[in-house]
Amino acid sequence: MKAIVYDHPGDESVLKLGEAPDPKPGPDQLLIKVITAGINRADLMQREGRYPPPPGASDILGLECAGEVAEVGANVKGWHPGDRAMCLIPGGGYAGLAAVHFGSAIQIPKTLSDEEAGGIPEVYLTAFLNLFLIGELTKGGVALVHGGGSGVGTAAIQMLKEFGARSIVTAGSDEKCDQCLKFGADVAINYNSGPFMPKVKEATGGRGVDVVLDIVGIPYLEQNLDSLVRGGRLILVSLMKGARGEVDLSKVQRNHLRIIGSTLRSRPVEEKAAIVSNFLRQFGAALEAGRIRPPIYRTVPLAEAAQAHRMMQRSEHFGKIILRVA
Ligand SMILES: NC(=O)c1ccc[n+]([C@@H]2O[C@H](COP(=O)([O-])OP(=O)(O)OC[C@H]3O[C@@H](n4cnc5c(N)ncnc54)[C@H](OP(=O)(O)O)[C@@H]3O)[C@@H](O)[C@H]2O)c1
């Protein structure tokens, strides 16, 4: 099959269109003929050699894809060749074929294009898991989401609105803040215009937020803790700007705060299947109705994966960058 391959870790120029062996689906898997694949920030880290795939996963890049079922494993029920599927995968999306555990596959509603479907699983399931299952957000609650214009951030904005919670997001320019507000965020703060914490407090009448979904790490730690209500949850899904530093634990103790780290990719397939079912229970109707759909910034042919990585590196996008594989 065709696939994006690279001989050694490095910058975008290492990515080449080449050939890789076809995956052999197991009895609990579907073989997907990939039509589109979402680009995620983690792909850039993997390409640089900083985020190796978990044991047993494909070493081809790509954490989500959409396509058509080509083969159905002997133990799999409810799927048939020709069905449209969007899939959460621990690797292998930048390729013509992908093997996917049945619990990580979702039927694509008619309302969604292949491009939109290819940009859903990784970011919507990440936002869902961390805001609702781990973050335990309730209706009427408030979440602070860093990187509101990111794939994960835009998914969060949509689900919070659909659910009936408020979203306060950060972004790096006034233009991206405007895009976040137009997309449904309640408040958008330009993180380059001063500390965000006082603005979070102002926007919540001094109360603070119930959950912070953080991707920045140490430089935001103190402000994140100060932005939380008593009993609030800080959830770290990435540490883009630093992992080591000092923390004033007295704030954590005094305010009954919780600091929780989380990754999606390394979880066992059973946990991922449970996350998928929970997501569909809570947001399946919105997905069917087309109220949940990612904003697509650009769709790029598979052969131009390097170009797509450069776009993401520059952070010029709002929402998702998608590879068209077939
Ligand atoms: N733990 C998990 O399971 C998991 C799963 C998926 C994703 N993630 C993480 O979630 C993050 C988003 O992923 P993605 O694929 O959606 O990436 P993405 O679209 O490339 O987004 C990265 C975002 O980071 C923002 N950013 C950079 N510096 C910032 C700062 N100082 N303050 C606030 N925002 C800042 C950028 O916003 P501006 O352009 O506005 O600067 C950009 O929107 C990544 O860090 C990724 O590793 C974690």
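Inside the stretch 181-235, residues that are touching a helix residue (DSSP H, G or I) at 6+ places or on another chain (Cβ under 6 Å), farther than 17 Å from S150 by Cβ and of a type in the set (S, T, N, Q) make up a count of 2. In the stretch 29-102, counting only strands (runs of 3 or more DSSP E) that sit wholly within it, the ones holding 1 or more residues that are within 15 Å of the chain's Cα centre (by Cα) span 29-38, 64-72, 84-88.
Just to check your reading of the model, which residue among G38, G56 is within 26 Å of E270 (Cβ to Cβ), touching a residue at least 40 places away in the same chain (Cβ under 8 Å) and either of a type outside the set (A, V, I, L, M, F, W, C) or surrounded by fewer than 21 Cβ atoms within 10 Å (Cβ to Cβ) (or both)? It is G38. Taking strands (runs of 3 or more DSSP E) as the structural unit, those lying wholly within the stretch 123-233 and holding at least 1 residues that are touching a residue at least 60 places away in the same chain (Cβ under 8 Å) and buried (at least 24 other Cβ atoms within 10 Å of the Cβ) correspond to 142-145, 209-214.
Laboratory data are not the source of any read-out in this text; all were calculated from the coordinates shown. Given the structure is predicted, the values throughout are model-derived calculations rather than measurements. Neighbour counts are summed over all protein chains in view; Cβ atoms, including those assigned to glycine, are modelled from backbone coordinates with ideal geometry.
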